[in-house]
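Colleague: Got a structure for you, questions after.
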Amino acid sequence: MTPSTLTYSHTLLIPLTRTCGAACSYCSFKNDDGKLLTFDEIENLVRQYFDTGICEVALSSGQYLNRTDSIKKQWSERGYASFIHYVRDICQLVLENQLLPSLDIGPMSYSEIEALAPYVTSVKLLLENISTDFAQQFQTGKSIDDKIETLSDAGLLGVPVTTGILIGAGETQDQRKATIEAIAEVHGKYGHIQSVILQMVYRENDKTDAPLKVREFQDLIALVKSTMPDAVVSIPANAPAAWYDSVAVGVSDIGNIYEGYDGIDWSKPFPKLVEIERTLGRKGIALKPRFPIFVHQFNRGLVQEGVSRVLRGWMSKKEFTYYYD
């Protein structure tokens, strides 16, 4: 049955750098131009969107930046001891502008998450695929252990996490299921996984409607709901299949609706919010805005004070009063 309402977060994506210390065969984000955005560049972007209705600023970057001498030099020249110290100041800037920062910067250590926790609403880290064979073939330089440890440490620190799996990157259905089960194992310990994204990989000139069959989609959604009943299943709004016609049972979220590009598919701009509303409206589906922290995670009371102040300001707007329920 098609859902009547789907949630989304209206988002400004700011790639702090597209340089990355890993090499994934399917990636279109990595650029390696050696540039780290300046504080002024970020401030101009944030202030440009202050009164547009966007609530979330997603700060992203390549992963394992300690391996990249050019980026290390830039944060050092700006007086930062590490990339995390730089990110912390950017998060504070976002909060000062009454917007909500989320992070998608790859694996972090316990101490790094602890340093950032007071300034972020949530962390996004897709587990992607639990198979070491997959990692060796398609993800040079990435560590499954690092991602699992980051997910676990975020749970220990009470930081809400959005994670997920990759679809269409060369994986098998068994690998997809094993990855969901690994996520469920971490969530069973800490209860902090707020959503699981079924993230489709975009390949240039790929004309296929979907990278797997409807039944396979349905099986993955059912597995998430059976192993993590309180986690939201999210399929991105720009997924290449008309999934809301055939696989929408159990799905309640379409993730981020970005201004500009989504950080995954750089071949074309992300669809505008009004376009998505019109398309889904024809199917009888309404959209409801949310914060980068989902309501069920917000109600756990783990949000730290600096973020909570900004959230309370947004909750006074009629679109978000359901967070009070």
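Colleague: So how many residues does region 168-194 have that are surrounded by fewer than 22 Cβ atoms within 10 Å (Cβ to Cβ), more than 23 Å from residue 118 (Cα to Cα) and of a type outside the set (Asp, Glu)?
Modeller: Number of matching residues: 10.
Colleague: Scanning for something part of a helix (DSSP H, G or I) and touching a helix residue (DSSP H, G or I) at 6+ places or on another chain (Cβ under 6 Å), does region 275-295 turn up at least one residue?
Modeller: Yes - at least one qualifying residue is present in region 275-295.
Colleague: Take residue 300 and decide whether it is under 27 Å from residue 191 (Cα atoms), in a helix (DSSP H, G or I), of a type outside the set (A, V, I, L, M) and open to solvent by 70 Å² or more (accessible area, probe 1.4 Å).
Modeller: In short, no.
Colleague: In this structure, is residue 132 surrounded by fewer than 16 Cβ atoms within 10 Å (Cβ to Cβ), more than 16 Å from residue 183 (Cβ to Cβ) and in contact with a helix residue (DSSP H, G or I) (Cβ under 7 Å, 6 or more places away or on another chain)?
Modeller: So residue 132 passes the test.
Colleague: Being buried (at least 20 other Cβ atoms within 10 Å of the Cβ), modelled with pLDDT of 95 or more and under 13 Å from the mean Cα position of the chain (by Cα) is the requirement here; does residue 154 meet it?
Modeller: no
Colleague: Now, a different point. Just the residues that are open to solvent by 70 Å² or more (accessible area, probe 1.4 Å) and either within 17 Å of residue 255 (Cα to Cα) or touching a residue at least 40 places away in the same chain (Cβ under 8 Å) (or both), please, taken from region 267-277.
Modeller: 267, 269, 272, 274, 275, 277
Colleague: Tell me yes or no: at least one residue of region 254-265 is hydroxyl-bearing (Ser, Thr, Tyr), touching a residue at least 60 places away in the same chain (Cβ under 8 Å), out of contact with any Lys or Arg (no Cβ under 7 Å at 6 or more places or on another chain) and exposed (fewer than 13 other Cβ atoms within 10 Å of the Cβ).
Modeller: Checking region 254-265: not a single residue is hydroxyl-bearing (Ser, Thr, Tyr), touching a residue at least 60 places away in the same chain (Cβ under 8 Å), out of contact with any Lys or Arg (no Cβ under 7 Å at 6 or more places or on another chain) and exposed (fewer than 13 other Cβ atoms within 10 Å of the Cβ).
Colleague: Is at least one residue of region 313-321 part of a loop (DSSP other than H, G, I, E, B), open to solvent by less than 40 Å² (accessible area, probe 1.4 Å) and not aliphatic (A, V, I, L, M)?
Modeller: Among the residues of region 313-321, not one is part of a loop (DSSP other than H, G, I, E, B), open to solvent by less than 40 Å² (accessible area, probe 1.4 Å) and not aliphatic (A, V, I, L, M), which makes the answer no.
Colleague: Tell me, please, whether a residue that is modelled with pLDDT under 90, among the hydrophobic types (A, V, I, L, M, F, W, C) and open to solvent by less than 10 Å² (accessible area, probe 1.4 Å) can be found in region 195-203.
Modeller: Scanning region 195-203, I find at least one residue that is modelled with pLDDT under 90, among the hydrophobic types (A, V, I, L, M, F, W, C) and open to solvent by less than 10 Å² (accessible area, probe 1.4 Å), so the answer is yes.
The values are calculated or read from the model by the stated rules, or taken from the named source; none is laboratory data. If you're wondering where the values come from, they're calculated on a predicted model, not measured in any experiment. Every residue, glycine among them, receives a Cβ derived from its backbone with ideal geometry; neighbour counts consider all protein chains shown. Accessible surface is based on the protein model in full, side chains and every heavy atom, while ligands, DNA and RNA are left aside. Shrake-Rupley method; radii C 1.70, N 1.55, O 1.52, S 1.80 Å.
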